[in-house]
1. Roughly what would the spin-label model give for residue 236 and residue 25, points 7 Å off Cα along C-beta, in nm?
2. Test of understanding: what is the full-extension gain from residue 389 to residue 38, defined as 0.36 nm times their sequence separation minus their Cα-Cα distance?
3. Report, in whole Å, the centroid distance computed from the Cα atoms of the stretch 342-384 and the stretch 80-138.
4. Using only helices, what value at 222 nm comes out for the chain when you add -39,500 (n - 2.57) per DSSP H run of length 4 or more and divide by the total residues, to the nearest 500 deg cm²/dmol?
5. Relative to the compact globular guide of 2.2 N^0.38 Å, what is the alpha carbon radius of gyration of the stretch 298-339, as a ratio?
6. Relative contact order, percent, of the stretch 321-416 when contacts are C-alpha pairs under 8 Å separated by at least 6 residues?
7. How tilted is helix 203-220 with respect to the longest principal axis of the chain? Cα atoms for both, answer in degrees (0 to 90, nearest 10).
8. I need the calculated FRET efficiency for the pair residue 14 and residue 266, taking r as the beta carbon distance and R₀ as 60 Å, to the nearest 0.05.
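No value in this document is a laboratory result; all are computed from the given coordinates. Please read all numbers here as calculations on a predicted model, not as lab measurements. As a convention, Cβ positions derive from the backbone with ideal geometry for all residues, glycine included, and neighbour counts pool all protein chains shown.
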Ligand code: DOR
Ligand code: ZN
Ligand code: ZN
């Protein structure tokens, strides 16, 4: 394998320095370093490979929308070296067999590590616990369990799931949506939903489940993760829970950091997502929550859908938007360029902490000698006008199309092998490395 040196890039956005790596491992950080291949890092920022705790690949079942391979390629283009693949596939990832298949497809692709998320309940049906232990014991080593797309709304099942995963240090990632309060819901409940005549999805339907779940997590002494927080009240509940010492973590998506419900005026289903885009006040609150540490991480909720499921009338359209290839740019625009986060904090919230929550040992590691060479090189001065066709994803449901966003991924390295080079996806030289 070639050895590389990235010369003069700003490590975690701090001072320029050289970073050298060979055989998948960082071998030097300093000045005047050498390697077989030299990359000019002038003006660029070096971050650890990003880790997404919330990605939807559609394999098995909807390979027309996304496969493990194309999702991995989109991830690499976005600077990710690891993604967690949600369980709402077809068949559902509720057995050791399915999670092992997804895990293996990720390793074979070689673009990024794909850590399967196991379903909490059989078939996401919300009635019977899935084989959590068998998935944890499988080759995929599942630590994160979620019925995402659906809420584990039964309090007894949620309690049992929280108790069960304690044995192997697992975590339940909850899609917080009280089902009765959101029957037929189409958009954020507020003055606009009334005006547009669309059934509202009230903030309380998210907040009530989060409040219940943090109390359950406290009661049974388990670890809880809350997916895609989207309201001011949710941020306040998590802040309260953390102040009580409850073991809870929370994520926000790039789209909830940037976009708000006034976009729904267009009736363009590209903006239809679950939980829905919220008010500008909620957007402010999630930005503040991410900046002050109440919200631990950014996770994409990358949700590919084929054209026919998005280019139709609003109420018939699928929920979800792409996110992997634009996440870092949206975070730069909303959090870094506004002075709310440093790049070092971005590395924490998009790499170290998501890996820690998912208990992925060899990802999200610090950029230091002896550590795996999972590295992303970013050009923060670049701007790009987003083109929905310019994607590795099989889907085109990109809500940022036409917007000009800052920042571009110049290179991504997975265990020292380039998956993106000179801003372009490259074929990994080998698919070896599954055990690293
Ligand atoms: O918008 C969403 N899309 N929210 C979810 O919870 C599920 C996801 C999907 O699978 O498309
Ligand atoms: Zn969800
Ligand atoms: Zn999701």
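1. 5.2 nm
2. Fully extending the segment from residue 389 to residue 38 adds 123.2 nm.
3. When both Cα centres are located, 23 Å separates them.
4. Working: 13 runs with 113 residues, N = 436.
For the chain, the value works out to -7000 deg cm²/dmol.
5. In units of the 2.2 N^0.38 Å rule of thumb, it is 1.48.
6. Values: 114 pairs, mean separation 32.7, N = 96.
Computed over the stretch 321-416, the figure is 34 percent.
7. For 203-220 against the chain, the angle is about 80 degrees.
8. The computed FRET efficiency comes out at 0.90.
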